[in-house]
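Reviewing the structure listed below.
The values are calculated or read from the model by the stated rules, or taken from the named source; none is laboratory data. Treat the numbers as computed from the prediction; the structure is a model and nothing was measured. In case anyone asks, the SASA skips ligands and DNA or RNA and just uses the protein heavy atoms, side chains included. Shrake-Rupley method; radii C 1.70, N 1.55, O 1.52, S 1.80 Å.
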Amino acid sequence: MGLIEGYGDGSFRPDAGITRAEACAIVNRTLGRAPEAGHLLPRSEMNTWSDNANSNAWYYADVQEATNSHDYEWRGIRGRAHRELDG
């Protein structure tokens, strides 16, 4: 399903600990949230993290997407928009 992609060398490390960045990427993929650097909130409006300051890092957009509240539209199979309501 592509939720876990493994490492750059093609390996998986099932016995290794998971980083916050890796967890954010998995959660975003599970929820269908596709972070796009060009669509993130301006830095002046979003929560930022001292260990996530490099906007060129592979995990930057995933961490920002997962840790900043904003509206998003979940698209299911065939691109149809869905809204889920609690209750």
Rounded accessible area of Ser55 (nearest 10 Å², 1.4 Å probe): 70 Å²
What accessible surface, in Å², does a 1.4 Å probe find on Tyr59, ignoring ligands, DNA and RNA and rounding to the nearest 10? 60 Å²
